[in-house]
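Worksheet for the structure shown next.
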Amino acid sequence: MLTIFHSKKDFEASDCRIAVLPVGATEQHGSHLPVGTDTIFAEHFSRRLAEELDAYLLPAIAISSSIEHRKGKGTVYLKSDTLALVLRDIAESLQYSGFTKLIIANFHGGNWIIKPTVRNLNRELGGLQTVLLYAGDVARPRYGEIFNHVQGDIHAGEMETSLMLHLHPEYVSDIKVQKNPVLFPQAYMDYFDVGELTADGYWGFPEEATAEKGSKVIELMLHEGLKYIEELERVTLEVKARHARETGQ
């Protein structure tokens, strides 16, 4: 059920109940990476995930909550409450047509609104479990096995540049190395545009990126992502079984 181009007949004959929604962004990534970087990553990861789960792969949301990059020409964004409403509508439409699980594969850290949205959806939509899977978060505890910089590598740095070198090296341009960059707390994006905090719009250490690191991290993301989904499913079944015992249903 991987492809997004199945017909009505194919869906009716399928027992597929899981959908995967890639969420990326369209935002500046310094001089060396394209504005569609997060969407490229989200689509690749989601396709791999859908193959493993035999799930329905939805088209990616390529424009999301990137207001912290709005001064970077080429950045296009939705306000956070707009993104929340879009996700709500998608979840409701899947619920009505018989899907029981929606996995939101998010690759943009600025989409913080997804977390409370998912929490609300899981209380409001009976029969559909909505799962937030941010591959960067589930894999981050093991980043030290791959990268030289785990802290302060936030945007278009060692991790993202390595991943792009692995997937699409033709998209990686020359890096404008920043001399003695000041690594502000990530929360400063609540107050300033990223372009006001960094000389070239990136935040991290892209000069230390390699394609080999990128190959390792995408496999790590997939492994840890599947493990997260499996553990959530285990707990979900336990909770349902306990509820059945307590209520006699």
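If you check every pair at least six apart or on different chains, which have Cβ atoms under 7 Å apart with a residue in segment 80-98 that is farther than 16 Å from GLY24 by Cα first and a residue that is among the β-branched types (Val, Ile, Thr) and surrounded by 12 or more Cβ atoms within 10 Å (Cβ to Cβ) second?
Listed by first residue and then by second, the contacts come to ARG88/THR117; ALA91/THR130.
Could you please find all residues in segment 18-42 being in a strand (DSSP E or B) and either more than 26 Å from GLU160 (Cα to Cα) or touching an Asp or Glu at 6+ places or on another chain (Cβ under 9 Å) (or both)?
Those that are in a strand (DSSP E or B) and either more than 26 Å from GLU160 (Cα to Cα) or touching an Asp or Glu at 6+ places or on another chain (Cβ under 9 Å) (or both): ILE18, PRO22, VAL23, THR26, HIS29, LEU33.
Report, by residue number, each residue of segment 197-211 that is touching a Ser or Thr at 6+ places or on another chain (Cβ under 8 Å) and either among the charged types (D, E, K, R) or farther than 27 Å from ARG70 by Cα (or both).
ASP200, THR210, ALA211
Each row is one residue, and each column tells you yes or no for (1) under 19 Å from ALA42 (Cα atoms); (2) among the charged types (D, E, K, R); (3) without any contact (Cβ under 8 Å) to a residue 40 or more places away in the chain.
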position	(1), (2), (3)
ILE154	yes, no, no
GLU158	yes, yes, no
HIS166	yes, no, no
ASN180	no, no, yes
ASP200	no, yes, no
GLY204	no, no, no
VAL235	no, no, yes
GLU238	no, yes, yes
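Identify, please: which residue in segment 99-129 is charged (D, E, K, R) and touching a residue at least 12 places away in the same chain (Cβ under 8 Å) and is, among those, surrounded by the fewest Cβ atoms within 10 Å (Cβ to Cβ)?
Among those residues, the one meeting the criterion is LYS115.
Residues to consider are ASP10, ASP15; find the one that is out of contact with any strand residue (DSSP E or B) (no Cβ under 8 Å at 6 or more places or on another chain), of a type in the set (Asp, Glu) and part of a loop (DSSP other than H, G, I, E, B).
Result of the check over ASP10, ASP15: ASP15.
In this structure, does PHE147 turn out to be crowded, with 16+ Cβ neighbours inside 10 Å, part of a loop (DSSP other than H, G, I, E, B) and touching a strand residue (DSSP E or B) at 6+ places or on another chain (Cβ under 6 Å)?
The answer is no for PHE147.
Any read-out appearing in this document is the output of simple, stated calculations on the displayed coordinates, not a laboratory observation. Keep in mind that what you see is a predicted model, and the values were worked out from it rather than measured. Note that each Cβ is placed from the backbone with ideal geometry, even for glycine, and that neighbours are counted across all protein chains shown.
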